[in-house]
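Have a look at the structure below, then the notes.
The values are calculated or read from the model by the stated rules, or taken from the named source; none is laboratory data. Note that this is a predicted model, so its numbers are computed, not measured. Here the Cβ positions follow ideal geometry from the backbone for every residue, glycine too, while neighbour counts run over all protein chains shown. Surface areas here come from the heavy atoms of the whole protein model, side chains and all, with no ligands, DNA or RNA. Shrake-Rupley method; radii C 1.70, N 1.55, O 1.52, S 1.80 Å.
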Amino acid sequence: MAYGTNPEDRYSYGEVSDEDRREFLKALGVIGGGAVAGATLRDLRAEVSSGAAGGLAEMGEAVRGGLTGSLDAALLSEAVTALEGSFERLPQLGAMGVPEQGASAYQELTTSAWTINDHLSDAGFFASAEANLPAFEPAHIEETTRQLLHIDALPATLSEIGFAEEEQTALVTNIVNSREQLSWWMATPDYPPADAVDDGVVHEYVAPLHQRAAEGSLLWIDGLDHFLWQREPLVTDEMIDRGLWDVKSMLGGYYLMGSAARDLAAGEIADDHLTTLTTASTAVMIIGQEFLINDVVRITDDKRAPRNPATTD
């Protein structure tokens, strides 16, 4: 495993502890940073320099030039606006708890995201991103996270879709503090071929890295209605709460990616910001689904709801 960190110890569920904040700052080379819990993105920005951002603009230009189709600014704008409504429904899901049989409350969250996804796939966005951006190597994670903090519009953008200030901080610190999760995800050509090793892959059947992250997030969310209903006796309130943070994170990542693609279609995004937002949004979606599996899907005996004595022998 790269980095040697324990990602479970460094993951923030919308609240950032002093220790998590120090770990984040240390990873970005800031030693002895302030220890104010609940720091905002602006506070982190004041402590983390943007760096030289070497090569990010060139990468973004290459992503732009590598598209095999045209991005439809009107389609993407409409879909991104529709996606904003999904965040408004999240509190209702928390109050609902376990969905009823046949419900589609979680699946309805992703309708507009799938519209964005299909369009990006058709235009070759995901293939171009994988071909022109590094996988989640240490230097790339650090560099793009530094730049992310220095995107002026980021706090307002996240606020508009319902991320409180400390949740915004958690979304960003999780990128670096859960970096081991990211290191496991490689570009498709980097996986060994099936004819070389037993657990290899057939490359033509494996989607590009950023597409796997995006579609994986949407598929996990879509499956929660049936999954939670089927396992209702095992599900706790803590699972629902943590799962909703994971879902919110994944949708937030998709919103950032969709917004970047919309701005790319309209010619309103700088190349270095395109690189930064594509990388960061993908990272957030990867982290969200990795932890959703741990928080909700893998229900171990120590996490499950207590057994009802009336139903046991």
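The figures follow:
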quantity: Hits in region 45-68 (condition: in a loop (DSSP other than H, G, I, E, B) and either exposed (fewer than 13 other Cβ atoms within 10 Å of the Cβ) or of a type in the set (K, R) (or both)); calculated: A52, G54, T68
quantity: Flag if A131 is over 20 Å from A27 (Cβ atoms), open to solvent by 50 Å² or more (accessible area, probe 1.4 Å) and either at pLDDT below 95 or not in a loop (DSSP other than H, G, I, E, B) (or both); calculated: yes
quantity: Members of region 97-108 that are outside any helix (DSSP H, G or I), open to solvent by 30 Å² or more (accessible area, probe 1.4 Å) and either among the hydroxyl-bearing types (S, T, Y) or within 26 Å of V206 (Cβ to Cβ) (or both); calculated: S104
quantity: Filter pass, L148 being over 18 Å from D272 (Cα atoms), of a type outside the set (D, E, K, R) and either modelled with pLDDT of 95 or more or not in a helix (DSSP H, G or I) (or both); calculated: no
quantity: From the options E84, E19, E23, residue that is at pLDDT 95 or above, surrounded by 13 or more Cβ atoms within 10 Å (Cβ to Cβ) and under 22 Å from G288 (Cβ atoms); calculated: E84
quantity: Residue list for region 156-188, filter: within 17 Å of the chain's Cα centre (by Cα), surrounded by fewer than 19 Cβ atoms within 10 Å (Cβ to Cβ) and in a helix (DSSP H, G or I); calculated: T157, S159, E166, E180, S183
quantity: Residue check for G38: at pLDDT below 80, out of contact with any Pro (no Cβ under 9 Å at 6 or more places or on another chain) and surrounded by fewer than 16 Cβ atoms within 10 Å (Cβ to Cβ); calculated: yes
quantity: Filter pass, T236 being within 22 Å of A79 (Cβ to Cβ) and touching a residue at least 40 places away in the same chain (Cβ under 8 Å); calculated: no
quantity: Test: residue in region 195-210 that is charged (D, E, K, R), part of a helix (DSSP H, G or I), in contact with a Phe, Trp or Tyr (Cβ under 8 Å, 6 or more places away or on another chain) and over 30 Å from D301 (Cα atoms); calculated: no
quantity: Check on G253, under 26 Å from G85 (Cα atoms), open to solvent by less than 50 Å² (accessible area, probe 1.4 Å) and touching a Gly at 6+ places or on another chain (Cβ under 7 Å); calculated: yes
quantity: Any hit, region 254-275, residues being of a type in the set (D, E, K, R), at pLDDT 95 or above and in a loop (DSSP other than H, G, I, E, B); calculated: yes
quantity: Looking only at region 199-235, and only at residues there that are under 23 Å from T115 (Cβ atoms) and among the acidic types (D, E), the one that is least open to solvent (accessible area, probe 1.4 Å); calculated: D225
quantity: Qualifying residue in region 109-126 (condition: open to solvent by 10 Å² or more (accessible area, probe 1.4 Å), without any contact (Cβ under 8 Å) to a residue 24 or more places away in the chain and outside any helix (DSSP H, G or I)); calculated: no
